[in-house]
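Remarks on the structure that follows.
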Amino acid sequence: MNLSLRQTVWLCLALGACAVLAVPGTTPGLGGEARLTLAVFALATCAWIAAPVDDTSVALGAGLALTVTGVISSDVLFATLGDATIWLLICAFVLAAAVTRTGLAGRAAAFLVTGARTVRQLVHLTTAALVVTAFAVPATSGRAALALPVFLALAHVLAGRRRLVVMLALLFPTVILLSAVATLIGAGAHLITVGVLLEQTGESLGFTRWLVLGLPLAVVSSHLAAEAVLLTTTRREDRRGPVRITAAEVQEHSATPVSGPLSPPEQRCLLLLCTVVTLWCAEPLHGVSPAVVALIGAVVASSPALGTVRMKDGLRSVPWPMLLFMAATTAMGVALVDSGAAGWLVGGVPGGMPPWAFLAVVVAVSTAAHLVLQSRSARSSVLVPLVVAAAAGAGINPVAAALASTAAAGFCQTLPASAKPVALFAEPPDGVPTFTPGDLLRLSVVLAPLSAALVLLFALAVWPLLGVPVLQESRP
């Protein structure tokens with residue numbers, strides 16, 4: 001097998017780190033299990049960065065290595081797959097399959113965009129529609145696949161205004177990625193963060209609490225990003241012309257109805273989705289776990305009398321590799337903490353840093369991490385355990401630090417290969433014009449610092465008002 005220069009460099013770094021860990025006396029204060037954990041962690045991280053191997057295979061191999069060497073027990077490894085957050089995501093995908101089957105999401109998007117009369121209205125109504133889809137479809141790649149037909153319909157309607165089509169091609173994946181922070185099920189990385197916080201601090205972040213903290217950031221960042229996309233890809237004359245999109249024009253490119261009365265399956269699916277989301281939000285009142293609510297919803301959505309999708313078809317839509325990846329990386333996080341490796345790694349963090357400086361470093365590193373680690377879940381698997389351990393040692397609230405890191409890691413629009421939604425819209429079918437790598441880089445130069453500054457602002461000024469202080473509260 002011929003290795004590229006990049007792969008060779010990362011392989012040498014990983015092997016060098018393992019060699020240092022293997023030499024006695026080079027890492028004082030680090031036990032044998034911690035050395036093994038760091039070696040496995042270094043190899044896995046370098047494999048995620050440079051190896052032509054599936055991320056899930058790497059994570060499973062790392063989890064298996066930690067189990068075989070006795071760092072974690074087999075019970076810990078297998079128990080992660082039965083975690084409530086895994087079940088929440090499985091059931092959410094079954095619900096999403098039911099919504100997709102009926103065409104409700106496309107109808108809602110068409111309803112919004114047909115109300116636009118100017119280019120700016122079209123941009124922000126599209127943004128609002130994409131933010132709403134975060135509540136119906138888990139995972140950014142699933143939302144991108146659902147939104148692609150809507151984009152193609154808009155692209156054909158606006159075929160004579162090429163710059164607007166390119167702008168929309170950038171807008172869709174950008175908003176899908178930044179708005180994922182709105183809900184707990186918006187990305188697998190969120191569930192990894194919740195699992196790490198629960199394991200390391202005992203702090204539980206439920207659906208409602210995440211919604212209160214994440215939705216305002218999602219709305220603000222999505223609409224700011226929409227303005228950034230509009231201003232960096234179009235000229236003033238492009239934005240002056242009126243826009244008139246009718247439901248009939250959108251219908252020409254949609255396989256399901258986008259106007260008219262709701263069909264009985266659509267009515268049942270809409271009622272079920274509203275009920276599930278309401279129960280998720282009302283968890284403090286009824287005390288039923290979001291995973292149990294999602295399971296009830298999935299069973300109803302696939303029932304013969306009330307459902308719109310068969311259970312086996314809904315389960316086919318579940319990204320099982322991603323779930324296995326999440327389970328394995330959660331076990332890696334447990335090993336990192338229990339072995340003392342995480343504490344040793346963050347022991348070198350300078351003490352006495354102001355809270356704003358600590359969070360600024362966390363946000364900056366998390367924002368830039370997509371240039372090295374393309375998988376959003378892999379970024380959280382690597383960063384969040386270290387961020388939580390460092391925050392606890394520095395007197396910073398681990399919840400604030402973990403949320404800031406996870407939200408900042410949601411920015412990954414610098415390269416077409418940085419995220420699946422970006423790659424999907426970089427090469428749409430039917431010969432539709434799309435953005436170039438230069439367009440993406442030009443947007444990234446503006447949006448990366450804007451997104452990082454917004455996350456830092458929320459961590460320092462907004463989230464404390466919503467019950468997540470910057471400093472760690474002392475416990476009696």
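What the table shows:
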| read-out | value |
| --- | --- |
| Pick from the range 142-195, criterion modelled with pLDDT under 80 and outside any helix (DSSP H, G or I), ranking: nearest to L88 (Cα to Cα) | L158 |
| Candidate set: the range 60-103, residues that are within 19 Å of V196 (Cβ to Cβ) and not in a helix (DSSP H, G or I); chosen: the one nearest to the chain's Cα centre (by Cα) | D83 |
| In the range 110-120, the residues that are in contact with a helix residue (DSSP H, G or I) (Cβ under 6 Å, 6 or more places away or on another chain), within 17 Å of H223 (Cα to Cα) and part of a helix (DSSP H, G or I) | L112, V113, V119 |
| Yes/no for V123 being in a helix (DSSP H, G or I), at pLDDT 85 or above and over 27 Å from A404 (Cβ atoms) | yes |
| Single residue of the range 282-319 satisfying the filter (polar (S, T, N, Q) and modelled with pLDDT under 85) that is nearest to G82 (Cα to Cα) | S289 |
| Filtered residues of the range 143-157 (kept if surrounded by fewer than 22 Cβ atoms within 10 Å (Cβ to Cβ) and aliphatic (A, V, I, L, M)) | A145, L146, L148, L152, V157 |
| The range 110-134, residues that are touching a residue at least 60 places away in the same chain (Cβ under 8 Å), within 26 Å of L306 (Cα to Cα) and crowded, with 19+ Cβ neighbours inside 10 Å | A110, A134 |
| Positions within the range 122-174 being of a type in the set (K, R) and closer than 29 Å to R235 by Cβ, in sequence order | R161, R162, R163 |
| Qualifying positions in the range 406-425 - touching a residue at least 60 places away in the same chain (Cβ under 8 Å) and part of a helix (DSSP H, G or I) | T406, A407, K420, P421, V422, L424, F425 |
| Verdict on A226 being within 21 Å of L89 (Cβ to Cβ), at pLDDT 80 or above and of a type in the set (A, V, I, L, M, F, W, C) | no |
| Qualifying residues in the range 182-224 (those that are hydroxyl-bearing (S, T, Y) and touching a Gly at 6+ places or on another chain (Cβ under 9 Å)) - the one farthest from L295 (Cα to Cα) | S221 |
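Residues are listed down the side, and each one gets a yes or a no for (1) touching a Phe, Trp or Tyr at 6+ places or on another chain (Cβ under 8 Å); (2) open to solvent by less than 10 Å² (accessible area, probe 1.4 Å); (3) more than 30 Å from A153 (Cα to Cα):
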site: T367; (1), (2), (3): yes, no, yes
site: H370; (1), (2), (3): yes, yes, yes
site: V387; (1), (2), (3): no, no, yes
site: G395; (1), (2), (3): no, no, yes
site: V399; (1), (2), (3): no, yes, yes
site: C412; (1), (2), (3): no, yes, no
site: L415; (1), (2), (3): no, no, no
site: S418; (1), (2), (3): no, yes, no
site: P428; (1), (2), (3): yes, no, no
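Per-residue answers, yes or no, for (1) under 20 Å from T100 (Cα atoms); (2) touching a residue at least 24 places away in the same chain (Cβ under 8 Å); (3) open to solvent by 50 Å² or more (accessible area, probe 1.4 Å):
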| position | (1), (2), (3) |
| --- | --- |
| T278 | yes, no, yes |
| P284 | no, yes, yes |
| P304 | yes, no, yes |
| V309 | yes, yes, no |
| L315 | yes, yes, yes |
| P319 | yes, yes, no |
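The values are calculated or read from the model by the stated rules, or taken from the named source; none is laboratory data. In this text, all values refer to a predicted model and were calculated from it rather than measured experimentally. Cβ sites come from the backbone with ideal geometry, for glycine too, and all protein chains shown count toward neighbours. For accessibility, only protein heavy atoms count, side chains too; no ligands or nucleic acids. Shrake-Rupley method; radii C 1.70, N 1.55, O 1.52, S 1.80 Å.
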